[in-house]
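The values are calculated or read from the model by the stated rules, or taken from the named source; none is laboratory data. The structure presented is a predicted model; accordingly, all values stated were derived computationally and were not measured. Here the Cβ is made from the backbone with ideal geometry for all residues, glycine too, and neighbour counts use every protein chain on show. What goes into the accessible areas is simple: the full protein's heavy atoms, side chains included, and nothing from ligands, DNA or RNA. Shrake-Rupley method; radii C 1.70, N 1.55, O 1.52, S 1.80 Å.
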Amino acid sequence: MIDREGGRRVSAGGANEHMAKGLEGRVAIITGGSRGIGRAVAHSLAEDGASVVVSGRHAGRLEATAKELEGLGVPVLVVVADVARREDADRLVGQTKDRFARIDVLVNNAGITRDTLLVRMKDDDWDQVLDVNLRGAFLMTRAVAKVMIRQKSGRIINIASAAGAMGNAGQVNYSAAKAGLIGLTKAAARELSRWGILVNAVAPGLIDTDMAASIPPEAREAVLAQVPLGRIGSGREVAEVVRFLAGDGATYLTGQVIHVNGGLYM
Ligand code: NDP
């Protein structure tokens, strides 16, 4: 665990001119926050003043992202954790509570793919993808919900996928995990509403990250040909929607899936 206290950014005119930002005083955990969409989300929430906890399996990548976030002047906590492991998920939540005493936003973003055709798919390809993308989100949501219930407030934002709504050839494991995540979102939204906890999903289409780069060029082109906006999306374009769901403008939204896909799935 690396614990950092970022300095408050104050304008040249001095502390009196400090303007409160939308998420100042709030604490956000982003799983898979080291790169790709998770890194973009961490940036967006930190720009709005949130204290951010970034988590992933590789300390080196997290360190690099934490340095960037510190530059935004917010407190940053790095926790190396594999979301698919219950002990790690519980430790991530415990260390966040110890450091910040509250958790306002959880972004279940950590995800992997193990793409292959159904008939060639190994048990392990299925298990790993379900473990990280769905079990990981369950473990984190369960642990964080206990904290949010005591607070009587919170936002949980699950990063699903267009594949979870429309299915994708070569991704029965991933499509099933993401469809499951959408079901988890809706059931948790119903259960947790009485404590003022809002649970939503953001379902990206093709987004320019390491994950998308691992798709063979022909398959990428085939997906792009179906995107009305005619281009790949950026992590930032997903992060903007997460920022909205985490903020004060999204108080009457729960159990929803917001698609960010250039029109790929309508
Ligand atoms: P990347 O592969 O670029 O990044 C994945 C992130 O998840 C990394 O920070 C990685 O860190 C982390 N991660 C992976 N496995 C684990 C684990 N077991 N425990 C903790 N962290 C883990 O992916 P994207 O940014 O593209 O994807 C982010 C999310 O968006 C995923 O849920 C993905 O399914 C979803 N998505 C992506 C789309 C795209 O086109 N890119 C489209 C639709 C949905 P590390 O490896 O260091 O652990």
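General observations
- Residue match in the range 18-36 (condition: open to solvent by less than 10 Å² (accessible area, probe 1.4 Å), at pLDDT 95 or above and in a helix (DSSP H, G or I)): no
- Count of the range 46-60 residues, restricted to those that are outside any loop (DSSP other than H, G, I, E, B) and under 17 Å from the mean Cα position of the chain (by Cα), is 8.
- Scanning the range 45-60 for residues that are away from the ligand (no atom under 13 Å from the Cβ), crowded, with 23+ Cβ neighbours inside 10 Å and of a type outside the set (A, V, I, L, M, F, W, C) turns up just one, SER51.
- The sole residue among GLY73, GLY111 that is closer than 24 Å to PHE244 by Cα, surrounded by fewer than 18 Cβ atoms within 10 Å (Cβ to Cβ) and either touching a residue at least 24 places away in the same chain (Cβ under 8 Å) or among the polar types (S, T, N, Q) (or both) is GLY73.
- The condition of being in a helix (DSSP H, G or I) and under 16 Å from the mean Cα position of the chain (by Cα) holds for only one of ARG194, ARG236, that being ARG236.
- Residues of the range 218-247 that are surrounded by 13 or more Cβ atoms within 10 Å (Cβ to Cβ) and among the aliphatic types (A, V, I, L, M): ALA219, VAL223, LEU224, VAL227, ILE232, VAL238, ALA239, VAL241, VAL242, LEU245, ALA246.
- If you go through the range 71-104 and pick out every residue that is assigned to a loop (DSSP other than H, G, I, E, B) and more than 15 Å from the ligand (Cβ to nearest atom), you end up with 9.
- Qualifying residue in the range 61-70 (condition: outside any loop (DSSP other than H, G, I, E, B) and more than 16 Å from the ligand (Cβ to nearest atom)): yes
- Residue match in the range 200-207 (condition: crowded, with 18+ Cβ neighbours inside 10 Å, away from the ligand (no atom under 14 Å from the Cβ) and without any contact (Cβ under 8 Å) to a residue 60 or more places away in the chain): yes
- Qualifying residue in the range 240-258 (condition: more than 19 Å from the chain's Cα centre (by Cα), within 13 Å of the ligand (Cβ to nearest atom), over 25 Å from GLY32 (Cα atoms) and at pLDDT 95 or above): no
- Residue in the range 67-89 that is out of contact with any Gly (no Cβ under 9 Å at 6 or more places or on another chain) and within 18 Å of GLY183 (Cα to Cα) present: no
- Selection count where residues are open to solvent by 10 Å² or more (accessible area, probe 1.4 Å) and closer than 14 Å to ASN109 by Cβ, scope the range 185-199: 0
- Residue match in the range 220-233 (condition: within 16 Å of the ligand (Cβ to nearest atom) and part of a strand (DSSP E or B)): yes
- Residue in the range 138-155 that is within 12 Å of the ligand (Cβ to nearest atom) and of a type outside the set (Ser, Thr, Tyr) present: yes
- There is no residue in the range 159-167 that is modelled with pLDDT of 95 or more, away from the ligand (no atom under 14 Å from the Cβ), open to solvent by 70 Å² or more (accessible area, probe 1.4 Å) and more than 17 Å from the chain's Cα centre (by Cα).
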